[in-house]
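The values are calculated or read from the model by the stated rules, or taken from the named source; none is laboratory data. Everything quoted here is computed from the prediction, not taken from an experiment. Positions of Cβ are generated from backbone atoms using ideal geometry, with glycine treated the same way; all protein chains shown enter the neighbour counts.
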Amino acid sequence: MHLLEVERLSYRVDSKRLLEEVSFTLEEDEILAVIGPSGAGKSTLLRQLNRLADPSEGNRFFRGKPYEAWPIRELRRRIALAAQQGSLFPGSVADNVCAGPQLRGQPCDAAALLQACDLPADFASRDVADLSGGERQRVVLARTLANDPDVLLLDEPTGALDPGARGQIGDLIASLARQRHCGVIWVTHLLEEAERYADRVLLLVHGRVVAQGSAATVLPQAAQYFPSTSVHPANDAPAGKPLKEVDASS
Amino acid sequence: MSAFLSNLFGSVHWSLSPLQLLALLSLPTLSVLLSLWRSLHVERDLIEGTIRTFLQLFIVGLVLHFVFNANRWWWTALVLAAMVIIASQNAARRGKGFTHLFRSTTIAIACGTAVTVALLLGLHIISGQPRYLIPVGGMIVGNAMVACGLVLNRYREELIDHRAEIEAWLSLGAPPRIAVQRGLGASLRNGMIPTIDQMKTVGLVTLPGMMTGSILAGADPLAAVELQIMVMLMLTTAVMVTALVLGELLLHLSFNAQEQLRVLTS
């Protein structure tokens, strides 16, 4: 049984096709990178997976059960969307981190979650308005992990960060996902990130899956859809472990 | 209070002769001339507004004259229902993009009006005669309409500007009520604040319309004050009930059965 399965999913808004017959699976402990140029439907796909919207056609299964068979709030908790950092709620870091557990009246150790995300425990009392981009992204991640999800949906988690912070956050996400045995769907427009962290890569263009498979198979096909600066960003290499070169010419 | 109202409304000492009414036209005429002089291009609107003011108010006067004399509860109910429907239509225009909004504003304004009027009648503050019920009901409906418009305007902005935050709540497994709590609360406050502020400054900044009208009609200022206090308090209740009912209905209009935030149509 797959952790997540998407079957011929199409999504139209006002007769505009945003997703077209998208099919793929996600397994336990797997990181699936979803790459594609701007407007490919990557964020739209994540919204479908978190059930913030329903498809026009097609099916979604979580642990073998159709999405519709799961209580909606339970499903959203277990297939958690780490939205972009702009989605932090006004208030303290602790308010944000513990928002999910508090909804269900469960205890929440904000300090431990922050430390797991490489932030000091005393950050809990800080106002989110005072945080840097990297800190905000870590808080978003801690807030998502507080719900103890089975699947992590990441919408360009390093998109707004400088190259140094990008590598640190990327490494952190990959390590946390492995520790917690989460399946991860990682939307990115950075091919380096996909190559570095993903077990498999899915290339989405104009709402259609153009290719999926190992990074070595998919990334060469992907290069044509990206501006050259995205494929080999001279100053974009994330810090941390060295990245493998993406061969855009093949 | 009923005896007081009876005395008050029965003691009209001031009315205009037909000649004086005609002389009143010098006021809009002056406005039209000023508009022409400064090229403001509002002459047509001024003329249309003047004609409508005369026509609409005289028609209303005739209707009220008939209803007051008929003194039948169903005529009173019909007039109040017409007021609620017109006010609801007007308020619903503020919520562009929502579906079935007219139904919601109608329910909200009707609830605000019904609760307040029922309290006033039940506590014997006013009598059930059309002479009292219709003017009082009109004030309640008018203020409830303004409150609805303000709530809708703000709530619409909240849904558009804070969509990411609302969906972040939903994605954490929050129920819709929690997801829009902040924005809906701000919208409800937005609808109530003018009435609350009016309560705080009444008499200090301007003399309210009801009180001014009563004094012009010959009432003793202290008696007019009593009446105005009743008006201020009843309007606060009406606005509060209307805003809360509308808020509850908007919550349901904003999400579908799958707890997904609806997209407002443009």
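A few comments on the model shown:
- All positions within the stretch A:71-105 that are away from every other protein chain (no Cβ under 11 Å) and not aliphatic (A, V, I, L, M): A:Ser92, A:Asp95, A:Gly105
- Looking across the stretch A:55-70 at every residue that is of a type outside the set (A, V, I, L, M) and surrounded by fewer than 16 Cβ atoms within 10 Å (Cβ to Cβ), the one that is farthest from the other protein chains (Cβ to nearest Cβ) is identified as A:Gly64.
- Check on B:Tyr155, touching a residue at least 40 places away in the same chain (Cβ under 8 Å), over 30 Å from A:Leu75 (Cβ atoms) and among the aromatic types (Phe, Trp, Tyr): no
- Wholly enclosed helices (runs of 4 or more DSSP H) of the stretch B:109-226 bearing at least 3 residues closer than 30 Å to A:Val151 by Cα: B:130-161, B:163-171, B:176-179, B:181-201
- Of A:Thr188, A:Thr158, all but one fail to be more than 14 Å from chain B (Cβ to nearest Cβ), at pLDDT 90 or above and under 12 Å from the mean Cα position of the chain (by Cα); the exception is A:Thr188.
- Residues in the stretch B:104-128 that are modelled with pLDDT of 95 or more and of a type in the set (S, T, N, Q) were compared, and the one that is surrounded by the fewest Cβ atoms within 10 Å (Cβ to Cβ) is B:Thr106.
- Residue pairs meeting the criteria (Cβ under 8 Å; at least 6 apart or on separate chains; first surrounded by fewer than 23 Cβ atoms within 10 Å (Cβ to Cβ), in the stretch A:175-196; second among the hydroxyl-bearing types (Ser, Thr, Tyr)): A:His189/A:Ser38; A:His189/A:Ser230
- Tally of residues being among the hydroxyl-bearing types (Ser, Thr, Tyr) and under 23 Å from B:Leu264 (Cα atoms) across the stretch B:65-99: 2
- Residues being within 14 Å of chain B (Cβ to nearest Cβ) and not in a helix (DSSP H, G or I) - total across the stretch A:106-123: 2
- For the stretch A:11-42, filtered to residues that are out of contact with any Lys or Arg (no Cβ under 7 Å at 6 or more places or on another chain), of a type in the set (Ser, Thr, Tyr) and part of a strand (DSSP E or B), the residue that is surrounded by the most Cβ atoms within 10 Å (Cβ to Cβ) is A:Tyr11.
Okay, residues lined up against (1) charged (D, E, K, R); (2) at pLDDT 90 or above; (3) part of a helix (DSSP H, G or I):
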| site | (1), (2), (3) |
| --- | --- |
| B:Leu5 | no, no, yes |
| B:Leu16 | no, no, no |
| B:His41 | no, yes, no |
| B:Asp45 | yes, yes, yes |
| B:Trp74 | no, yes, yes |
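- Among the residues of this structure, B:Ala238 does not count as one that is outside any helix (DSSP H, G or I) and surrounded by 17 or more Cβ atoms within 10 Å (Cβ to Cβ).
- Criterion violated by B:Gln260 - all others in (1) within 14 Å of chain A (Cβ to nearest Cβ); (2) touching a helix residue (DSSP H, G or I) at 6+ places or on another chain (Cβ under 7 Å); (3) in contact (Cβ under 8 Å) with a residue 60 or more places away in the chain; (4) not β-branched (Val, Ile, Thr) satisfied: (2)
- Looking across B:Leu57, B:Leu36, B:Leu21, one residue alone is within 25 Å of B:Gly149 (Cα to Cα) and either in a helix (DSSP H, G or I) or among the charged types (D, E, K, R) (or both). It is B:Leu57.
- Every condition in (1) of a type outside the set (Val, Ile, Thr); (2) surrounded by 14 or more Cβ atoms within 10 Å (Cβ to Cβ); (3) at pLDDT 95 or above is met by A:Leu88 except one, and the failing one is (3).
- Among the residues making up the stretch A:1-31, those that are more than 14 Å from every other protein chain (Cβ to nearest Cβ) and either of a type in the set (A, V, I, L, M, F, W, C) or out of contact with any strand residue (DSSP E or B) (no Cβ under 8 Å at 6 or more places or on another chain) (or both) are A:Met1, A:Leu3, A:Leu4, A:Val6, A:Leu9, A:Ser15, A:Leu19, A:Val22, A:Phe24, A:Leu26, A:Ile31.
- Residue check for B:Ala219: farther than 19 Å from B:Arg156 by Cα, more than 14 Å from chain A (Cβ to nearest Cβ) and crowded, with 21+ Cβ neighbours inside 10 Å: yes
- The single residue among A:Arg76, A:Arg47, A:Arg60, A:Arg138 that is touching a helix residue (DSSP H, G or I) at 6+ places or on another chain (Cβ under 6 Å), in a helix (DSSP H, G or I) and charged (D, E, K, R) turns out to be A:Arg76.
- Checked against (1) out of contact with any Gly (no Cβ under 9 Å at 6 or more places or on another chain); (2) more than 18 Å from A:Arg73 (Cα to Cα); (3) not aliphatic (A, V, I, L, M), A:Gly105 meets all criteria but (2).
- Test set (1) at pLDDT below 95; (2) within 10 Å of chain A (Cβ to nearest Cβ) - B:Pro175 fails condition number: (1)
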